[in-house]
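The values are calculated or read from the model by the stated rules, or taken from the named source; none is laboratory data. Remember, predicted model here, so these are calculated numbers, not experimental data. So basically every Cβ, Gly included, is an ideal-geometry build from the backbone, and we count neighbours across all protein chains shown. Each accessible area value is taken on the protein alone, full model and side chains, heavy atoms only, with ligands, DNA and RNA left out. Shrake-Rupley method; radii C 1.70, N 1.55, O 1.52, S 1.80 Å.
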Amino acid sequence: MTSIPIDTARLKAALDSISGPAPDDDDDYQIATTVGIAFLARGRSSAPTLLVPLDLAPITTGRRGGGFALNGADRVVFRSDGRVWEQAAATLECTEPALIDAFLVLVADIAKRLGAASSVEWPELLTWVEEWQTLLARRPTMDLNRQLGLWGELRIIANATQPDLLIAGWRGPDREATDFFVDGVALEVKTSQRPHVHHVSQRQVVRPVGEHPAYVLSIWAGIDPVRGSSLTELVDGLVTRVEDAPAFLRRVAGLGYAPIDRAEYKTKFVSLETPRWFRAEDVPRVRGVDPGVSEVRYVAMLDVDLALDEAQANALSAHFVGAGTIPW
């Protein structure tokens, strides 16, 4: 057993290397690795568990929800780096195997919050877990249009050579006028099952970022269970790639996706043709409204004759994802 960096892929590999205590073992947990002052382990049921040593046994009840359960224990046997000792502890257990990636993101976030601390108090740990339970709680299922919208944005991020840079410029979860704003250039991603017909708001096309250039990427998408990719697959893949997985999960949760609802989002979408890039000023807009009217939203049919040529499209792809073409 070794100490490893707080990286979800490495944590998962450490867990995969153990199976939990043997039936005749006196210990309730087999430790896979240290995670700061805590320990990642498997219990007798083989469920992944984070053991957080406490100075005092908690007197309040724990929490259950979001795919994990937090409980207090008066005594846990720790066996680590040649030492064996008994101590009160908090046990954070993954209760749903399909949510292991989200659970490990929670583990990494707790370890990050603990930082260089030598101990943690139960109320503080309880507060952190409650935050995550709220974040990862079940949500109303997004309709197909909302799923498509999020799918288009995540496809861009998933194809980026530096996804963390693109996530840093991701403005969609903040309800801003454009989905991405990176190095002085804005991008609004529009995905629809009708070719280049999209719901548009006036503020997305009329000076959405002031004097900076702004573009719209129009994606005509359909459902393909073989060649397509689902929201669940995109989120799972990005969780293992991004530097700050907790922040990423918070962003997608704000848009309506929670890992515990992953079974609701397995529909696989695919682009039906090469997406087309448009200047924001070439998108149809409402030319006049009565004074006092705001938040105008309408359906626009984009004129493909106004789409940017291949060289311009490739340059914009390179700007946002680091490659001249995106493998749709």
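Structure summary
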item: Sequence of Lys266, Lys190 when ordered by accessible area, the most exposed leading, probe 1.4 angstrom; result: Lys266, Lys190
item: Net charge dipole size for the chain [Lys, Arg +1 and Asp, Glu -1 on Cβ; Debye, nearest 20]; result: 660
item: Fraction of accessible area attributable to carbon and sulfur, the chain (%, probe 1.4 Å); result: 49
item: Residue-normalised accessible area of segment 14-170, expressed per residue, 1.4 Å probe, Å²; result: 45
item: Nearest-10 value in Å² for the accessible area of Asp55, using the 1.4 Å probe; result: 110
item: Straight-distance crosslink candidates among lysines, where the alpha carbon sits under 30 Å from Lys268 and sequence neighbours closer than 8 are dropped; result: Lys12, Lys190
item: Separation in nanometres of the label points that stand 7 Å from Cα toward Cβ, at Trp328 and Asp164; result: 3.0
item: Helix-only CD estimate at 222 nm, as mean residue ellipticity for the chain, using -39500 (n - 2.57) per DSSP H run (n ≥ 4); result: -8500 deg cm²/dmol
item: Contact order relative to length of the chain, as percent, for alpha carbon pairs under 8 angstrom and 6 or more apart; result: 15
item: Largest-first ordering by accessible area, 1.4 Å probe, given options Tyr265, Tyr298; result: Tyr298, Tyr265
item: For Thr240, residues with placed amide H under 5 Å, excluding near neighbours; result: none
item: Solvent exposure, largest accessible area first (probe 1.4 Å, DNA, RNA and ligands not counted), of His198, His212; result: His212, His198
item: Ile167 - accessible surface, heavy atoms, 1.4 Å probe, Å² rounded to 10; result: 30
item: Low-density loop cleavage sites - trypsin sites (Lys or Arg not before Pro) in segment 60-93, where at most 13 other Cβ are within 10 Å (DSSP); result: none
item: Inter-site label distance for Glu295 and Asp7 at 7 Å from Cα along Cβ, in nm; result: 4.5
item: Other-chain or far-sequence residues with amide H under 5 Å of Gly62's (modelled H); result: Gly72
item: Distance between modelled label sites at Arg203 and Glu130, nm, 7 Å Cα→Cβ extension; result: 3.3
